[in-house]
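Data block below; observations after.
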């Protein structure tokens, strides 16, 4: 089974004290694929990825990552995966080069530390202490520590949070480079443009379920979804129609106006439109009996609770 | 992120004659990093090494005139106690605070996501504790010799006592420190949560105050914890033989000291195994 999919998940379930975080997920990720997991906070993204990484135990279902069950896999399996964690910046009193070199020693056949540092664009900070790095530089160091072992499979949890636009573009380039090298990549992200730019396939997760899965340009029926045709009749207000046959609509309009259509705009839904629709459609699921638990968010919305009431914030 | 970077050679696939690095080698690598990290952390160095040395000078000067009895010198009495406190400081106190910090800042989780064998992590801590505890002890003996004309014992028997009290004491305290690292809820609270009980223990165990001055009930409480026995063991190394009469039991109680320290080592080990977590609870 080692030559099959990189990741194979069937009916994955996980609850925390009766609160279902993941409610039956199936996933299949091919080798060499860049796979993005999109979803709002609390949707079950991190739980799912942490189960794949072997950090969390599942309640139910089968999970196979690079031919092994992460819950039972040992050091040899760990040497084949790389994990970029979403962590705070406080680190030990080491330089960038020292810590990357230290982590490189854990892996057989790792990259040279200098190469990993170069790849993430930290060559200029190699001799800097971790404590002296900026937020974005610290995130790049996280990535360097994730790739120094030359992983076959790389997990990235919100990798570009805190990056400036230029750093994000550079990071995207790095992901493409790793992909050309044959690395399977699973990333979670909040940024739709990031998923669209990088991912071969996207899964949208909401309320612990996968609500849509596909290539960025066909996700959620995006390619076949109704197009929006709008135009400005002379002397009138802008008019818009939704149609699955926009070409016919335009031909008809062109005939009406006998030539140019004034102010013509044709749009397909953006990934963001599709995503927001999917998330909104998944919302009612949160109220379904399977999830019936006294969620603090629900009553708080019903009651005229003061805005600053944050139970257990200090405990 | 220069685009001209070339990825080094063909990807080495696992199983292709690439063996995992050995646990021993990685344990030593961890130890090197731990020691380096410790000595670069000026706060930790000042706190762990500076505080006991300064206290030794202060306490010795303040209580100097009262302590001398039965041919015991101030230097002997406070150096012995402070060595015991110093051992607990580098093992228990520093380990508990530093591991709590590593758990909170995610270093533990990050390490557990690599193929580093978990034993290598603890081996690294062991190396760091050993280096720091030896350094602390040497420093305190030097302060004792410099300020209070402390004479090192010459009988081999005393050095044997020193060796086993040192080893058992630091082993028990280190294991308890690893276990105690799970008590604070955050790195920020680790300092007070760990330091407060440790300070109390030093007062009642004969480190800051001569044990014979400590009220009876406090001595009883102290005798349930390892520090009292470590301090007593160290007194048996550095004080003249007749000073045993000043001990509550009228003797050095070597057998009981060894038993208590062994029991705490075993208890610490069980606590560590049952409570150690690689991720913070959240």
Shape verdict for the stretch A:89-151, please, from the Cα gyration tensor: rounded (a/c under 1.5), prolate (a/b greater than b/c) or oblate.
prolate
Report, as an integer, the average count of C-beta atoms from other chains found within 10 Å of each Cβ along B:161-172.
0
Counting each DSSP H run of 4 or more residues in the protein assembly as shown as -39500 (n - 2.57), what helix-only mean residue ellipticity at 222 nm follows after dividing by all residues, to the nearest 500 deg cm²/dmol?
-15000 deg cm²/dmol
Whole-number D in µm² s⁻¹ for the stretch A:155-261, Kirkwood Cα-pair radius fed into Stokes-Einstein, 37 °C, 0.692 mPa s:
190 µm²/s
Mean Cβ-within-10 Å packing, highest first, puts peptides B:147-159, A:262-274 in the order A:262-274, B:147-159
Taking a label point 7 Å from the Cα of residue B:23 along Cα-to-Cβ, the residues of the stretch B:242-282 whose backbone nitrogen sits under 18 Å from it are B:269-270, B:272-274, B:276-278
Evaluate E = 1/(1 + (r/R0)^6) for residue B:45 and residue A:272, where r is the Cβ-Cβ distance and R0 equals 60 Å; express this FRET efficiency to the nearest 0.05.
0.70
Let me confirm one metric for peptide A:99-107, namely the mean number of other chain beta-carbon atoms within 10 Å of its residues' beta-carbons.
5
Nearest 10 degrees, 0 to 90: what angle lies between the long axis of helix B:187-204 and the longest principal axis of chain B (Cα atoms)?
20 degrees
Among A:124, A:24, A:109: highest mean-square fluctuation, GNM of chain A, C-alpha pairs under 10 Å
A:124
Spread of Cα-to-Cα distances over 5 Å intervals beginning at zero, given as percent, for the stretch A:7-219
1, 7, 15, 19, 20, 16, 12, 7, 2, 0
Rounded, prolate or oblate: which fits the stretch B:19-115, taking a ≥ b ≥ c as square roots of the Cα gyration tensor eigenvalues, rounded meaning a/c under 1.5, else prolate when a/b beats b/c?
prolate
Extension gain, residue A:215 back to residue A:69 (0.36 nm per residue minus Cα-Cα distance, nm)
49.9 nm
Give the shape of the protein assembly as shown as rounded, prolate or oblate, defined through the alpha-carbon gyration tensor: a ≥ b ≥ c are the square roots of its eigenvalues, a/c under 1.5 means rounded, and otherwise the shape is prolate if a/b is larger than b/c and oblate if not.
prolate
Checking rank on B:166-177, B:51-62, with mean other Cβ inside 10 Å and highest first, the result is B:166-177, B:51-62
Sites residue B:61 and residue B:160 - FRET efficiency at Förster radius 25 Å, r taken between beta-carbons, to 0.05
0.20
If only Cα atoms are counted, what is the Rg of chain B, and what is its Dmax, in Å?
21.6, 78
Within the protein assembly as shown, what percent of beta bridges assigned by DSSP are antiparallel, to the nearest 5?
60 percent
Among A:144-152, B:244-252, A:4-12, A:195-203, the order from most to least packed when residues are scored by Cβ within 10 Å on average:
A:144-152, A:195-203, A:4-12, B:244-252
For the pair residue B:167 and residue A:41, the simple spin-label estimate (label points 7 Å beyond Cα toward Cβ) gives in nm 5.3 nm
Report the gain in length on full extension from residue A:245 to residue A:112: 0.36 nm times residue separation, minus Cα-Cα distance, nm rounded to one decimal.
42.3 nm
Go ahead and run the numbers for FRET between residue B:270 and residue B:200, Cβ-Cβ distance against an R0 of 35 Å, rounding to 0.05.
0.90
What does the average come to when, for each residue of peptide A:176-182, you count the partner chain Cβ atoms lying within 10 Å of its Cβ?
2
Helix B:156-180: inclination vs chain B longest Cα principal axis, degrees, rounded to 10, gives 50 degrees
With axes computed from alpha carbons, what is the tilt in degrees of helix B:23-40 against the longest principal axis of chain B, rounded to the nearest 10 within 0 to 90?
60 degrees
Would you mind telling me which residue in A:251, A:184, A:218 has the biggest mean-square fluctuation in a Gaussian network model of chain A, where springs connect alpha carbons within a distance under 10 angstrom?
A:251
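All of the numbers you see were taken from the coordinates with simple rules; none came from a lab. Small disclaimer: the values here were computed from a predicted structure and weren't measured. Virtual Cβ from ideal backbone geometry, glycine too; neighbours counted across all protein chains shown.
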